[in-house]
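The values are calculated or read from the model by the stated rules, or taken from the named source; none is laboratory data. In this text the structure is predicted, and so the values were computed from the model without any measurement. Cβ placement follows ideal geometry from the backbone for every residue including glycine, while neighbour counts extend to all protein chains displayed. Protein only, heavy atoms only, side chains kept; ligands, DNA and RNA dropped before computing areas. Shrake-Rupley method; radii C 1.70, N 1.55, O 1.52, S 1.80 Å.
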Amino acid sequence: MEIEAKRWGFRGKQELNAASASTVRGYLNQIIARINKDNSSSVIRLGHGDPSHFPSFKTTPAAEDAIVDALRSAKHNCYAPSAGVLPARRAIADYLNRDLPCKLSPDDVYLTSGCNQAIEVARNVLSRPGANILLPRPGFPYYESCSAYNHLEVRHYDLLPEKGWEVDLDAVETIADENTVALVIINPGNPCGNVFSYEQLHKMLISIFLLNLRLQRQQESLGFCTRYVPMRVLGSTVPVLTLGSISKRWIVPGWRLGWIVTSDPNSILKKSGVIDSIAEFFNVSSDPATFIQAAIPQILEKTKEDFFSKIISTLRKCADICYNRIEEIPSLTCPKKPEGSMSVMVKLNLSMLEDINDDMDFCLKLAEEESVVVLPGMAMGLKNWLRITFAIEPSLLQEGLGRIKGFCQRHAKKQ
């Protein structure tokens with residue numbers, strides 16, 4: 001006899017379903033499901049932010065050796081302290097201190113299981129009834145999913161494509177109020193590919209100071225055209241939480257090692273109890289693998305600058321290919337050549353296309369007809385745009401963009 005589900009006290013959680021659907025993975029899963037399995041063309045993934053599969057983006061042997069050494073030492077099979085092992089925290093503080101006037105200590109560094117967990121920690125610590133957070137649009141959708149799940153109201157400020165994706169500071173001042181707990185800045189920009197200059201960051205700092213906000217930054221440190229400026233350089237006026245990881249710079253997202261760094265020279269975070277709450281949160285959350293933590297000092301010390309130079313050179317080449325090939329497609333517009341990160345936002349001109357309803361429809365049909373995967377702009381908060389990831393093998397990028405060009409030509413409105 002079948003047992004009726006209503007007799008049990010558990011059931012699925014609808015909030016999780018909604019949060020999952022709005023993530024990058026949620027959108028990509030829908031698009032990948034539309035790929036025609038009878039199509040003999042190889043699948044080209046221009047919607048993923050993980051280039052580690054490609055030979056041109058292989059990590060440095062120095063990082064691999066550090067992991068092997070830590071594992072084989074048999075000294076790191078134990079649980080780690082909740083904030084992370086001290087040598088790793090000290091090494092990260094020293095590494096970040098290279099550009100800072102106010103020096104970090106190991107006590108300012110908390111290790112996380114990748115940058116996503118760092119986002120979760122920040123959301124949980126800052127959320128309270130009635131609180132809101134200011135997020136960029138377009139932006140990284142994981143912030144939205146996390147905030148919604150934690151009942152933290154999301155308010156958006158726009159990044160302005162006509163001004164090279166500068167922050168709309170007037171909008172920030174309009175939407176912030178006494179319940180705003182933080183403003184998030186992603187630098188270098190994901191998904192826009194921009195890198196904020198010192199002058200731009202200084203303008204934002206003045207607004208944040210006047211509005212009495214905390215600042216959260218997601219750090220990727222992959223600027224290749226404009227000099228990257230860490231927000232911590234300007235952190236003597238407002239408190240800054242920097243969320244970072246080794247995922248992008250070392251091309252190892254699967255190693256899941258990130259951090260939260262507190263820049264709080266005036267003890268604003270400490271006096272408000274935020275520092276204590278961060279430390280206490282790690283007592284009830286998971287840790288990155290101990291042997292990965294233990295490898296960090298060797299990874300930071302032994303990685304040669306030529307590894308970073310090679311990756312940045314490849315990214316610059318791919319960014320040029322992406323920008324130049326998009327210029328060949330009348331129905332697509334790229335407002336600014338990428339300066340950093342691994343992706344770029346491209347505007348979709350629907351008036352020039354037949355039988356394409358919106359950006360999601362474009363992506364679904366592209367996957368079905370051309371076996372090319374790109375991310376719809378609606379996933380990043382910008383409808384009828386596309387996010388194209390260019391961090392793949394240059395030859396594959398050329399082929400993928402060629403297929404997109406053919407798709408657009410096939411769907412172009414007849415004159």
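Details
- Burial order of peptide ranges 189-198, 299-308 (average beta-carbon count within 10 Å, highest first): 189-198, 299-308
- Take every DSSP beta bridge whose two residues both sit in the range 40-176; close to 25 percent of them are antiparallel.
- For the chain, with all protein chains in place and a probe radius of 1.4 Å, 50% of the accessible heavy-atom surface sits on carbon or sulfur.
- Separation of alpha-carbon centers, the range 84-123 and the range 347-404, rounded to whole Å: 36 Å
- Which label in (i) 202; (ii) 186; (iii) 134 gives the computed volume of the Cα convex hull per residue in Å³: (ii)
- Residue pairs exceeding 23 angstrom between C-alpha atoms, taken from Lys383/Lys414; Lys37/Lys365; Lys347/Lys413: Lys383/Lys414.
- Legend: calculated FRET efficiency, Leu86 to Ile175, from the Cβ-Cβ distance at R0 = 45 Å, rounded to 0.05, equals 0.65.
- Accessible heavy-atom area order of Trp255, Trp385, highest first, probe of 1.4 Å: Trp255, Trp385
- Cα centre as origin, Lys/Arg/Asp/Glu Cβ charges: the chain dipole, Debye: 460 debye
- Anchor Lys302: lysines whose Cα lies under 23 Å away (excluding residues fewer than 8 positions away in-chain): Lys58, Lys75, Lys103, Lys248, Lys310
- Lys/Arg +1, Asp/Glu -1 at C-beta; the chain dipole; positive extreme among Ile35, Leu46, Trp250: Trp250
- Across the chain, Cα pairs under 8 Å and at least six residues apart give a relative contact order of 24 percent.
- Relative packing of 130-139, 99-108, which averages over residues the other C-beta atoms within 10 Å, highest first: 130-139, 99-108
- Within the assembled protein chains, the solvent-accessible surface assigned to Arg410 is about 120 Å², based on a 1.4 Å probe.
- Extension gain (nm, one decimal) between His151 and Ser52, 0.36 nm per residue minus Cα-Cα: 32.2 nm
- Overall form of the range 61-302 per C-alpha gyration tensor (a/c, 1.5; a/b vs b/c): prolate
- Mean accessible surface per residue for the range 61-302, computed with a 1.4 Å probe while every protein chain stays in place, in Å²: 41 Å²
- Percent antiparallel among DSSP beta bridges (both partners in the chain, rounded to 5): 55 percent
- Assuming charge only on the beta carbon of Lys and Arg (+1) and of Asp and Glu (-1), the dipole of the range 39-137 about its Cα centre is about 220 debye to the nearest 20.
- Label zone at Glu15 (point 7 Å along Cα-to-Cβ), backbone N below 18 Å, the range 114-129: 119-129
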